[in-house]
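The block underneath contains the structure these notes are about, expressed in structure tokens.
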Amino acid sequence: MAVTLNNGCRMPNIGLGTWKSEPGKVTVAVEKAIDVGYRHIDGAFVYENEKEVGEAIAQKIKDGIVKREDLFIVSKLWCTFHAKDQVKNACAKTLNDLNLEYLDLYLIHWPMGFKAGQVNLPLDENDMIIPSNTDFVDTWEAMEDLVANKKVKAIGVSNFNSEQITSILNKPGLKIKPAVNQIECHPYLTQEDLISYCKSKDIAVTAYSPLGSPDRPWAKPDEPNLLADPKILEIAKRHGKSSAQLLIRFQIQRGLIVIPKSVTPNRIKENFQVFDFQLSDAEMKTILSFNRNWRCCSMPWCVKHKDYPFK
């Protein structure tokens with residue numbers, strides 16, 4: 001199953017997420033994912049595990065399980081590399097770590113530029129992010145150059161709101177429109193308006209944290225746990241599926257691409273077994289009604305940034 005992007009590329013609609021997957025565990029996770037049928041791997045510079053992801057990909061190609069062209073590999077430009085002259089080198093670093101000649105999709109990870117340097121999250125004395133004076137519309141021009149130079153096949157954005165995407169689409173001299181917007185999306189944050197906007201502009205949507213990111217480092221005990229929601233469990237039980245499988249299937253039926261993360265072999269396999277059941281229209285409507293506009297990735301240390309997307 002795949003979604004056709006606006007440049008004609010086919011993007012598998014389920015991928016393995018690798019955020020928070022530790023080096024040492026992520027290689028085995030990616031190898032297992034490829035073994036059970038995943039062909040889409042989602043990564044990023046800031047996850048600090050791209051070398052290990054690359055080792056897994058190389059091993060599976062060497063073993064003859066897949067060819068490079070069978071895979072759809074995604075990475076993201078981190079916020080400290082938004083200056084136009086830094087984009088090329090940032091992409092080169094990712095390609096070198098992954099040991100690949102090209103990426104299938106490269107995203108601007110966040111619309112916010114951070115102070116350049118060795119620190120991924122440069123904070124001031126008040127623990128607020130130190131911004132750069134960059135503009136993501138200028139960054140986009142450098143992203144377009146990566147396509148022209150055959151370093152990436154498609155480019156897109158992540159965590160951009162509709163106004164920010166419009167700024168790119170309205171850019172004078174735009175050569176390539178974003179192919180994808182990757183956003184947090186799950187039944188507590190259904191993102192209906194933003195998804196509708198993206199679809200109207202022929203921009204595919206990838207849902208990250210589709211399971212509510214229960215292992216996020218900043219989780220608090222009193223925050224909602226999507227996987228344990230009794231209403232989710234009840235619908236899942238009806239289909240003989242886990243709550244995770246239900247949450248993944250929900251996004252696929254909405255026409256989204258979805259990237260559940262796991263390093264546990266049986267869960268990686270289970271998360272891919274979502275093509276043998278169908279949620280009814282009534283069930284889809286019920287799950288959509290659970291929306292509470294709750295984010296697990298709100299980046300509170302960035303709220304004062306001029307390009308903070310969740311105002």
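The values are calculated or read from the model by the stated rules, or taken from the named source; none is laboratory data. Please read these numbers as outputs of a predicted model, since none were measured by experiment. Cβ coordinates were reconstructed from backbone atoms using ideal geometry, including for glycine residues, and neighbour counts include every protein chain displayed. To get the accessible areas, we keep the full protein, side chains included, count just its heavy atoms, and leave off ligands, DNA and RNA. Shrake-Rupley method; radii C 1.70, N 1.55, O 1.52, S 1.80 Å.
Values computed for the structure shown
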| quantity | calculated |
| --- | --- |
| Euclidean distance of C-alpha centroids, region 1-23 and region 42-86, integer Å | 12 Å |
| Global geometry of region 16-139, whether rounded, prolate or oblate, following the gyration tensor of its Cα atoms and the 1.5 cut on a/c | prolate |
| About the Cα centre, charge dipole magnitude for region 178-280 (Lys/Arg +1, Asp/Glu -1 at Cβ), debye | 260 debye |
| Estimated dipole of region 91-226 in Debye, rounded to 20 [Cβ of Lys and Arg +1, of Asp and Glu -1, Cα centre] | 520 debye |
| Loop-located trypsin sites (Lys or Arg not before Pro) in region 64-127, at most 12 other Cβ atoms within 10 Å (DSSP) | K67 |
| Sites matching chymotrypsin sites (Phe, Trp or Tyr not before Pro) across region 210-311 that sit in DSSP coil, with at most 10 neighbouring C-beta atoms within 10 Å | W218 |
| Check: the chain dipole with +1 on Lys, Arg Cβ and -1 on Asp, Glu Cβ, in debye | 520 debye |
| DSSP-defined beta bridges in the chain - what % are antiparallel, rounded to 5 | 20 percent |
| Among A179, I203, V258 - extreme Cα towards positive end, dipole of region 135-273, charges at beta-carbon | V258 |
| Pairwise label distance in nanometres, A2 with D85, each label 7 Å out on the Cα-Cβ vector | 3.9 nm |
| Mean separation of Cα contacts under 8 Å (6+ apart) over length of the chain, as relative contact order % | 20 percent |
| Loop-located GluC sites (Glu not before Pro) in region 90-145, at most 14 other Cβ atoms within 10 Å (DSSP) | E101, E125 |
| Accessible area of the chain belonging to carbon and sulfur atoms, whole % at 1.4 Å probe | 49 percent |
| Segment K20-A148, extension gain: residue separation times 0.36 nm, minus the distance between their alpha carbons | 42.9 nm |
| C-alpha center-to-center spacing [region 89-124, region 227-300] in angstrom | 30 Å |
